[in-house]
Structure formats: structure tokens, C-alpha cells
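**Student:** Shown below is the structure under consideration.
Derivation of every value follows stated rules applied to the coordinates shown; laboratory data play no part. The shown structure was predicted, so the numbers you read here are calculated from the model rather than taken from an experiment. Cβ atoms come from the backbone with ideal geometry, glycine included; neighbour counts cover every protein chain shown.
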Amino acid sequence: MSNILSGFRVLDFGRYIAGPYCATVLADFGAEVIRIEKLTGSEDRYIAPLNEEQTGDGGLFLQMAQNKLGMTLNPMKPEGRDVVKRLVKTADIVVANLPIETLTAMGLDYESLKAVKDDIILVHGSAFGDEGPYKNRVGFDGLGQAMSGAMYLSGSEGEPRKLYGPWVDFTTALMGALGAMAALRHRDMTGEGQVVGTSLFGSAILISSVSLLEQEMLKLNRVGTANRAQGAGPADTFKTKDGWVLVQSLGWPLFERWTKLIGEDHWLSDPRFDTDQKRGDNNHILSERMAKWCAERTTKEAIAEMDAVRLPCGPVMSPQEVLEDPHLAAMGLMTRVAYPGFNKGVPLTELPIKMSKTDTKLKHRAPTLGEHTDQVMESLGYSADEIADLRSKRVI
């Protein structure tokens with residue numbers, strides 16, 4: 001199968017998830033991606049350490065840097081700026097989720113890049129974008145959750161609740177990858193490069209958009225109801241004899257199946273439940289009844305009965321239970337990859353896009369610190385003596 005981005009070079013100056021995973025997606029589609037780190041390793045290399053000593057390369061980096069080459073570089077030194085310029089001349093896309101002041105100091109702002117290569121594409125991610133009163137603020141995934149209404153509406157009894165998974169980061173990364181591909185197409189058509197701007201705040205607002213739209217139009221001033229839906233029902237988590245299940249009934253056909261399953265089909269003529277929104281408004285009644293039904297069954301029994309009538313449901317699983325789930329293996333979503341220091345390798349998650357004519361499979365592990373520095377420098381025309389000199393000066 002083909003790799004649709006083969007022949008394109010991407011420079012990944014990103015940190016943590018929003019920038020690096022954007023570049024990872026481009027690598028998954030075949031681009032040559034060079035991850036550029038500090039000489040001692042960027043901070044995200046050491047997050048979620050995978051050994052008992054809590055040292056070494058961490059899980060975040062191993063997942064975010066798959067399919068990439070790795071080099072170290074100090075772009076703040078004059079010689080480092082020269083290396084940046086040589087890299088940019090060979091590149092198609094630069095990915096950097098850094099404050100604009102940092103980009104400028106490193107020579108990675110769009111005007112500096114364009115002066116080196118006129119048709120370069122810059123994917124610039126930030127916490128709050130480049131306009132507005134918050135444009136100079138820094139932040140992580142949690143700020144997007146907190147400042148979009150999502151944490152407020154996910155909470156319960158007045159206490160907000162942040163989701164454990166960094167969905168704002170990943171959404172921003174995917175927006176960046178989508179924008180980068182669109183920018184490549186624009187360049188094909190016009191010969192022009194451009195800036196692709198993404199932000200954590202913008203991604204979080206997108207995910208929260210329906211709640212914000214509803215508030216603007218109706219001024220309902222909803223409060224958090226934790227796992228219980230506010231616009232349909234029953235849609236909540238319920239405790240069984242041995243665990244928890246999530247049930248999601250949206251639309252009349254599913255509500256009809258549910259009432260017949262639990263023996264409450266008289267509710268089909270009850271005006272309190274004749275629309276999704278009314279069922280959401282009265283979801284406490286539906287959840288209370290469903291809680292009694294689930295409490296009488298094991299998780300396996302409850303899911304089997306709901307599956308039989310095609311009611312959307314599933315168990316609430318721990319990370320270990322997810323790893324042991326046969327469906328995970330059947331879909332091939334994780335691949336065990338050899339990595340120095342881990343005798344059994346590490347299980348990495350594949351890009352969850354399957355294409356019949358395009359190869360999106362994981363190709364190789366994340367690089368060790370500076371693993372490909374010499375290789376990349378040689379490709380830029382540096383001699384062995386020049387590379388040794390730059391290394392002695394702590395430029396690479």
C-alpha cells in the first residue's frame with residue numbers, strides 16, 4: 001500500500017501532545033518527521049516513566065514519537081540557528097506548539113521561516129491562539145477543559161470534574177494534522193505556504209459547542225450531572241452486582257426497547273418521556289429505575305440482556321481490563337514494539353484509521369535521545385569534523 005505523504009519532510013519542535021501528535025499523524029501517513037529536542041531531552045520525553053526506577057524514556061514520548069527520527073539541537077546558539085535554517089530549507093512543514101515569543105527567539109516564527117523557504121507551512125499550536133486578551137498565556141489540556149464549560153457540566157453537586165484523558169490535546173493535534181494536509185493541498189494548487197493555527201481553547205470550544213449554543217439561545221443555566229445525560233435518557237452509569245455499566249438511550253426507538261426490556265412500557269404513553277429532552281429533564285426517574293434493574297444483575301448479565309435488544313451499553317473498564325479485552329486485540333489497535341531497555345518491548349497504539357489503499361501502520365519505534373542527529377546533520381551537508389565541533393560546543 002502507498003504512503004500518501006512519502007517525500008515530505010516535517011520538523012517537529014513540539015512539546016507534550018498537541019504538537020508532537022500532530023506530527024505523529026503526518027508520520028503515520030508516510031512523512032519523514034524529525035523530532036528535535038533539547039540536548040538533555042525535552043520535558044515530555046520523561047513523562048510517565050515505564051520502569052520501576054522512574055527514570056528513562058516515558059510512555060508519553062514513546063507514543064508521541066513513533067515513526068520519527070530524533071535529533072538534539074540548541075537553536076538558541078548562533079550555530080544552532082544556522083542548523084535550523086538548513087533544516088527548514090529541506091522541509092515542507094514545521095510543527096511547533098510553542099509561545100510566539102519562543103518561536104521568534106528560535107527563528108521559527110513564520111516570517112523567519114518564509115525568509116528561508118518561501119513555501120514553508122507552519123503549524124503553530126498555542127493555548128489560547130494569537131488574538132484576544134489571553135493570547136500570551138500558556139496552558140495545558142486541563143485549561144481547555146476548565147475554560148470551555150466542559151468541566152463545569154461534567155461535575156456533580158457543584159464540584160467540577162476534569163476528564164483523565166487529555167482530549168483537548170488530542171483534538172488540537174488532529175486539527176493541526178488536518179490543517180497541515182489542507183495546507184499541502186493549497187500549496188499544490190497555488191505554490192504558497194501558510195500558517196496553520198490551532199489552540200487548546202479553540203478545540204475545547206468546538207467539543208463544547210452544542211452546550212454553548214443551547215445556553216446562548218435558551219439561557220438554561222445547566223449544572224453538572226456527572227455521567228447522567230441532560231438531553232436524553234436513560235443515559236447514565238449504573239452499578240451492577242460486580243461492577244458498573246454505561247447505558248445510552250437516545251431517540252424514541254431505543255427508549256421503546258428499554259421500557260419493554262425492564263417492564264415499564266406504560267411509560268411510552270407518559271407525556272414526561274415523549275421526547276429526548278423531556279426524558280433528559282426527567283432522567284433522574286429513569287436512572288433510578290435502571291439502577292434497580294442493574295443492581296439485580298452482574299455486569300455480564302446486564303450487558304447480555306441489553307445487547308439482545310440492541311440497546312447501546314458497555315462495561316466501565318479499568319486500564320488492565322482494557323488491555324485484556326479480546327476486541328482490542330481483534331482490531332489490532334496496539335502493537336508491541338522493541339525499544340532499548342525494555343526486554344518485552346512496549347505496546348504502542350496505532351493510528352485508529354484503517355484505509356484500504358493507504359498504509360497507516362506503525363513503522364518503527366520512537367528514537368532514543370539524539371539517535372539520528374549525525375544522520376540528519378550529514379543529510380544537511382555537515383562533515384564529520386563539523387558535526388564533532390558542533391557537538392563539542394553543545395550545539396547538537
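**Student:** So if R0 is 45 Å, what FRET efficiency would Ser356 and Asp389 give, r being the distance between their Cβ atoms, rounded to the nearest 0.05?
**Tutor:** Result of the calculation: an efficiency of 0.35.
**Student:** Which loop trypsin sites (Lys or Arg not before Pro) in segment 252-359, with loop taken from DSSP, have no more than 14 other Cβ atoms within 10 angstrom of their Cβ?
**Tutor:** Sites meeting the loop and neighbour criteria: Arg310, Lys354, Lys357.
**Student:** By how many nm would the segment from Asp281 to His266 lengthen if fully extended, with 0.36 nm per residue of separation less the alpha-carbon distance?
**Tutor:** 3.6 nm
**Student:** Also: At 7 Å along the Cα-to-beta-carbon direction for both Ser318 and Leu39, put a label point, then send me their distance in nm to one decimal.
**Tutor:** Taking the simple label geometry, Ser318 and Leu39 are separated by 4.5 nm.
**Student:** While we're on this one: Which shape class, rounded, prolate or oblate, goes with segment 235-316 when its Cα gyration tensor gives a ≥ b ≥ c as root eigenvalues, a/c under 1.5 marks rounded, and past that a/b bigger than b/c marks prolate?
**Tutor:** prolate
**Student:** With labels modelled as points extended 7 Å from the Cα through the Cβ direction, what inter-label distance (nm, one decimal) is found for Ala291 paired with Leu380?
**Tutor:** The answer from the label model is 6.1 nm.
**Student:** Same structure again: Pairs of Cα atoms under 8 Å, at least six residues apart: use those to get the relative contact order of segment 195-340, whole percent.
**Tutor:** It rounds to 25 percent for segment 195-340.
**Student:** OK, next. Which distance in nm do the two modelled labels at Asn51 and Lys135 give, with both placed 7 Å along the Cα-to-Cβ direction?
**Tutor:** About 4.5 nm separates the two model spin labels.
**Student:** Among the lysines in segment 235-316, how many pairs, 8 or more places apart or on different chains, have alpha carbons under 19 Å apart?
**Tutor:** Numbers: Lys239/Lys292; Lys239/Lys300; Lys241/Lys292; Lys241/Lys300; Lys260/Lys278; Lys260/Lys292; Lys292/Lys300.
Final tally of qualifying lysine pairs is 7.
**Student:** Determine the distance separating the Cα centre of segment 363-394 from the Cα centre of segment 304-329; give it in Å without decimals.
**Tutor:** So the two Cα centres are separated by 47 Å.
**Student:** Relative to the present Cα-Cα distance, how much length would full extension add between Asp118 and Ala338 at 0.36 nm per residue of separation?
**Tutor:** Values: separation 220, 0.36 × 220 = 79.20 nm, distance 3.95 nm.
Fully extending the segment from Asp118 to Ala338 adds 75.2 nm.
**Student:** Could you state the number of Å between the C-alpha centres of segment 200-263 and segment 123-141?
**Tutor:** If you average the Cα positions of each part, the centres end up 30 Å apart.
**Student:** Please give the FRET efficiency for Asp82 paired with Asp325, using the beta carbon to beta carbon distance and R0 = 56 Å, rounded to the nearest 0.05.
**Tutor:** The value I calculate is 0.65.
**Student:** Express in nm, to one decimal, how much length is gained between Lys241 and Leu174 on full extension, taking 0.36 nm for each residue of separation and deducting their alpha carbon distance.
**Tutor:** Result: 20.2 nm gained on full extension.
**Student:** Right, another one. Using a ≥ b ≥ c from the Cα gyration tensor of segment 1-103 (square roots of the eigenvalues), is it rounded, prolate or oblate, where a/c under 1.5 gives rounded and otherwise the larger of a/b and b/c decides, a/b for prolate?
**Tutor:** Judged from the Cα gyration tensor, segment 1-103 comes out oblate (a/c at least 1.5, b/c at or above a/b).
**Student:** Right, here's the next one. Cα-Cα over 27 Å: which of Lys135/Lys354; Lys85/Lys354; Lys38/Lys85; Lys162/Lys361; Lys77/Lys117; Lys38/Lys162?
**Tutor:** Long pairs (Cα-Cα over 27 Å): Lys135/Lys354; Lys85/Lys354; Lys162/Lys361; Lys38/Lys162.
**Student:** Scan the chain and hand back the longest stretch that contains none of the chymotrypsin sites (Phe, Trp or Tyr not before Pro) lying in DSSP loops with at most 16 other Cβ atoms within 10 Å. Could the numbers behind the result be given before it?
**Tutor:** On the way: sites that count: Tyr134, Phe140, Tyr164.
Counting only loop sites that pass the neighbour cut-off, the longest clear stretch is 165-396.
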